[in-house]
Each structure stands twice: as structure tokens, then as C-alpha cells.
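A short write-up of the structure that comes next.
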Amino acid sequence: MWNKTLLIFIRYFLILMMIIGIIINGTTLTPAMIIFIFVFITNNQIRFFSLDRMWLKIISFMIEILFIAIAYKWIGGYLIIYLILSAMDSNLVLKKPVKHIFNIAIILQAILLSSNESLEFKFINMAVLIVIIATLYLIQDESDRKIEAQKLYDKLRISEEKLMSANKELEIYASSIEELTLLRERNRLSREIHDSVGHSLSTMVVQLGAIERIIENNPKGAKEVTKELRKFTQNSLKEVRTAVREIKPKKFEDYQGILIIEELIKNFKKLTGVDVRLSFTKQKWPLSSDQSFVIYRIVQEFLANSVRHGKATLIQIFMAFNDCELAVTLKDNGTGSDCVLEGVGLKGMRERVTEIGGVFSYTTKLGEGFLVKIELDKVEKLKIYSQEGTYGQD
């Protein structure tokens with residue numbers, strides 16, 4: 001964008017130079033000349049400050065080109081001052097392609113008006129005029145680029161705001177879907193409990209009432225009813241356990257350790273605002289209760305230490321499962337240290353991993369964060385080793 005204050009200053013400066021040039025030229029100014037100069041300046045100022053329509057600006061500019069020829073031949077002064085003022089207005093007020101036409105017209109006017117002047121005069125005037133017009137083109141091009149960049153930035157900002165708004169709407173939608181899913185699951189659970197447990201308990205109440213009525217007069221009959229009630233209760237218990245197993249899928253049981261760690265990280269992110277990223281390989285196998293507990297405690301300790309001591313803003317946790325073992329890598333972008341003294345936290349981590357037959361290691365460097373690595377054998381592998389040890393003892 002053009003600096004309007006600077007442009008106004010330059011315009012008035014050129015007008016002042018034009019008047020000084022006329023005075024220096026030694027021309028005796030008549031009232032008609034003074035009126036003509038006043039009309040010339042008025043036309044120039046009205047075009048720049050007041051005229052909005054392009055066709056009016058073009059007419060004003062054509063009048064000025066005629067006025068320049070009259071002023072230079074009649075009143076005198078410096079031709080280059082007239083032409084610079086005209087060229088500046090041509091590049092600021094007019095638009096393409098009209099601007100190009102008037103710039104050519106200004107150059108042709110310079111050639112015609114200086115036809116009777118010396119070669120040196122022609123060369124200086126033409127060189128200065130062409131350089132100024134070229135400079136104005138460069139400035140205008142740079143201004144257009146900035147305007148285009150600003151428009152692009154505004155579009156990107158609007159797109160970003162729309163994207164953020166859409167993301168919030170998706171989060172609200174996901175939250176509502178989650179709540180709806182929970183409500184449906186609760187309804188399903190209530191039906192399951194009503195159909196299985198409720199029916200069983202109702203039957204038991206009826207049977208117990210029957211036992212209560214006949215136990216004094218017919219103990220043998222009460223005993224038979226009691227036996228039947230015990231069998232019914234056992235069958236009902238089996239049905240309840242089956243229903244619970246259906247409600248809690250096997251996959252949840254197998255990967256409950258990972259799910260608990262995910263829940264820990266989710267709550268930690270909510271409380272601290274730290275970016276924690278958990279990822280793992282496509283291949284996974286169930287963790288034992290000891291492994292789940294140890295990994296949970298180590299992740300918990302690492303998260304706390306990364307924020308408390310390392311001032312970390314990003315924590316990455318990767319669980320790599322393969323056929324034989326699990327490698328858990330925990331890395332933060334904290335301050336790190338070149339000299340680490342193992343405190344209660346690090347010692348506790350090492351002891352927990354060692355107790356279940358794993359390997360614990362860590363590396364850190366000042367400015368490069370802290371990295372902890374845990375290696376644990378697969379559960380089946382541990383069982384094989386245990387059996388081999390038993391056979392060896394036999």
C-alpha cells in the first residue's frame with residue numbers, strides 16, 4: 001500500500017519546485033499566467049483528491065498533458081518537473097491499461113517538447129523520466145504483491161477459523177455420540193440385568209416364600225424345594241457370569257493394560273495441557289497383570305518427572321510389540337541433563353522392571369530431553385522359561 005502522507009508531501013514538493021523553476025527561469029509573470037498556473041495546479045489536485053470515476057480522471061489527465069505543453073512553451077520552467085508530476089499521477093491514479101497509454105504519452109511529450117533543446121538536455125530529461133517511470137512500476141508491482149499476499153493471508157485466516165469451528169463442531173458431535181452410545185449401553189445393560197438377574201431373584205424370592213410356608217409341616221418337601229432352589233441359583237449365577245463376559249468383550253480383557261495407560265495419558269493431558277502422544281505397533285499381545293502394572297507406574301512417573309524436572313511440552317511414548325518381546329520407549333523434549341543422579345523415581349522404575357525380568361535403561365543430554373527404554377519378554381515366553389526351569393530341577 002502507498003504511504004498517502006508521503007505521496008502528498010512529494011506532490012506539494014514537486015509543485016513548489018515547478019513554481020521555483022518558473023521564477024528561476026526569469027519569466028515575468030502576468031495575471032493571465034498566474035491564473036493559468038492556478039488552474040493547472042487546481043486540476044492536478046482535484047484529480048488526486050476528489051475525482052472517483054475513472055473517465056473523469058482520464059479527462060483531467062488529458063487536460064494536464066495539454067497544460068504541460070502550454071506551460072512549458074508559454075511560461076517556461078523545468079520540463080522534467082512537469083513530467084515527473086504527471087508521471088507520478090499516471091501511475092498512482094490510473095489503472096492498467098490506461099496507465100501504460102499515458103506513460104507512453106508522457107515520454108512522447110518529453111521528446112516533442114525538447115526537440116529544439118540540446119542533445120545533453122534531451123538525454124538527461126529522457127533518462128531521468130524513464131528511470132522514474134520504471135521505479136514507479138516497480139513500486140506499484142511491489143504494492144500489488146503485498147495486497148495479494150494480504151488477501152491470501154486473510155483467506156487462509158478465514159479458512160483456519162472455519163476449520164477450527166468445524167473441528168469444535170466435530171468434537172461436540174463426537175461427545176454427543178459418545179454420550180448417546182453410553183446411554184444406549186446403559187439401557188442395554190439395564191435390560192440384561194432385568195431379564196436375567198431380575199428374573200432369577202424374583203424366582204428365588206418366590207421359592208424362599210414357599211420354603212418358609214412348608215418347612216414346619218413338611219420338612220422333607222422343604223428340603224426338596226431347597227435343593228431345587230440351589231440348582232436354580234447355580235444356573236442363574238452361570239447366566240449372570242455369561243452375561244458379564246458378553247458385556248465385557250475378550251479383547252477388552254486382553255488389552256485392558258493398554259486401555260488403562262491410554263486413560264492415564266488422556267487425564268494427564270487434560271490436567272497439564274502437555275502434548276502426550278501414545279503409539280504402538282499393529283501387532284499386539286496381551287500384557288500380564290504385572291507387566292500392565294509396571295508399565296502403568298513407569299509411564300505415570302515419567303510423565304510427572306518430564307513436567308516437574310524437564311519442563312517438557314511434548315512427550316512421546318511408543319510401544320513396539322514383536323513375536324518375543326515388548327519395547328516401551330518414553331521420550332520428552334525437556335531440558336535434559338549431562339549429569340544424572342538416580343533418585344527414588346529412577347531407582348523405583350529400574351527395580352519394578354527388574355523384578356518382572358525386564359531390562360531398564362535411560363539416556364539424557366543437556367538440551368536434548370530425557371529418554372527411557374523398557375524391554376519386557378512376552379507372557380508365553382516367560383511361561384516357557386518357567387517350565388524349562390522346573391524340568392531342570394526335576
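The values are calculated or read from the model by the stated rules, or taken from the named source; none is laboratory data. Predicted model only: the values in this text are computed from it and were never measured. In this analysis, Cβ positions are derived from the backbone assuming ideal geometry, glycine residues included, and neighbour counts consider all displayed protein chains.
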Original post:
What are the residues in the range 40-58 that are surrounded by 14 or more Cβ atoms within 10 Å (Cβ to Cβ) and among the hydrophobic types (A, V, I, L, M, F, W, C), if any?
Top reply: Phe40, Ile41, Phe48, Leu51, Ile58
Original post:
Which pairs have Cβ atoms under 6 Å, sit 6 or more apart or on different chains, and link a residue in the range 108-136 that is in the same structural domain as Leu85 (by TED's automatic domain parsing) and free of Cβ contacts under 8 Å to residues at least 12 places away in the same chain to one that is of a type in the set (Phe, Trp, Tyr) and surrounded by 11 or more Cβ atoms within 10 Å (Cβ to Cβ)?
Top reply: none
Original post:
Right, Gln291: modelled with pLDDT of 85 or more, crowded, with 18+ Cβ neighbours inside 10 Å and within 27 Å of Thr364 (Cβ to Cβ) or not?
Top reply: yes
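Residue under question is Ser86, and the condition is that it be among the small types (Gly, Ala, Ser) and loosely packed, with under 14 Cβ neighbours inside 10 Å; does it hold?
On the way: among the small types (Gly, Ala, Ser): yes; loosely packed, with under 14 Cβ neighbours inside 10 Å: no.
Judged against the criteria, Ser86 is not a match.
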Original post:
Has the range 125-148 got at least one residue that is under 16 Å from the mean Cα position of the chain (by Cα), modelled with pLDDT under 80 and among the acidic types (Asp, Glu)?
Top reply: no
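Residues in the range 92-109 that are part of a helix (DSSP H, G or I) and either of a type in the set (Lys, Arg) or more than 12 Å from Ile58 (Cα to Cα) (or both): how many?
Initial filter on the range 92-109 (part of a helix (DSSP H, G or I)): 92-93, 98-109.
Then keep just the ones that are either of a type in the set (Lys, Arg) or more than 12 Å from Ile58 (Cα to Cα) (or both); that gives 92, 99-100, 103-109.
So the count comes out to 10.
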**OP:** Could you check Ser115 against (1) part of a helix (DSSP H, G or I); (2) exposed (fewer than 12 other Cβ atoms within 10 Å of the Cβ) and say which number it fails?
**Re:** (1)
Subject >> Test for Lys57: is it at pLDDT 80 or above, part of a helix (DSSP H, G or I) and under 30 Å from Glu148 (Cβ atoms) >> reply: yes
**OP:** Would you check if there is a residue in the range 159-172 being in a helix (DSSP H, G or I), over 28 Å from Leu56 (Cα atoms) and in contact (Cβ under 8 Å) with a residue 24 or more places away in the chain?
**Re:** no
Original post:
When the range 298-356 is examined, which residues are found to be of a type in the set (Gly, Ala, Ser) and either surrounded by 16 or more Cβ atoms within 10 Å (Cβ to Cβ) or touching a strand residue (DSSP E or B) at 6+ places or on another chain (Cβ under 7 Å) (or both)?
Top reply: Ser306, Gly310, Ala312, Ala320, Ala327, Gly334, Gly336, Ser337
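Conditions tested, residue by residue: (1) closer than 28 Å to Arg308 by Cα; (2) at pLDDT 80 or above; (3) among the basic types (Lys, Arg); (4) touching a Pro at 6+ places or on another chain (Cβ under 7 Å).
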| site | (1), (2), (3), (4) |
| --- | --- |
| Asn217 | no, no, no, no |
| Leu237 | no, no, no, no |
| Thr242 | no, no, no, no |
| Ile260 | yes, yes, no, no |
| Leu264 | yes, yes, no, no |
| Lys270 | yes, yes, yes, no |
| Phe280 | yes, yes, no, no |
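Would you check which residues across the range 1-16 are surrounded by fewer than 16 Cβ atoms within 10 Å (Cβ to Cβ) and aliphatic (A, V, I, L, M) and list them? Even if it seems obvious, please write down each step before you answer.
Just the residues of the range 1-16 that are surrounded by fewer than 16 Cβ atoms within 10 Å (Cβ to Cβ), to begin with: 1-10, 12-13, 16.
Met1, Leu6, Leu7, Ile8, Ile10, Leu16, listed by residue number.
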Original post:
(1) over 21 Å from Tyr137 (Cα atoms); (2) modelled with pLDDT of 80 or more; (3) surrounded by fewer than 15 Cβ atoms within 10 Å (Cβ to Cβ): which one isn't true of Phe36, the others all being true?
Top reply: (3)
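Please list, ordered by residue number, the strands (runs of 3 or more DSSP E) wholly in the range 272-372 having 1 or more residues that are of a type in the set (Phe, Trp, Tyr) and assigned by TED's automatic domain parsing to the domain that holds Leu259. Walk me through how you get there before you give the answer.
Working: elements: 275-280, 314-321, 325-332, 359-364.
Where strands (runs of 3 or more DSSP E) fall fully within the range 272-372 and carry at least 1 residues being of a type in the set (Phe, Trp, Tyr) and assigned by TED's automatic domain parsing to the domain that holds Leu259, they are 275-280, 314-321, 359-364.
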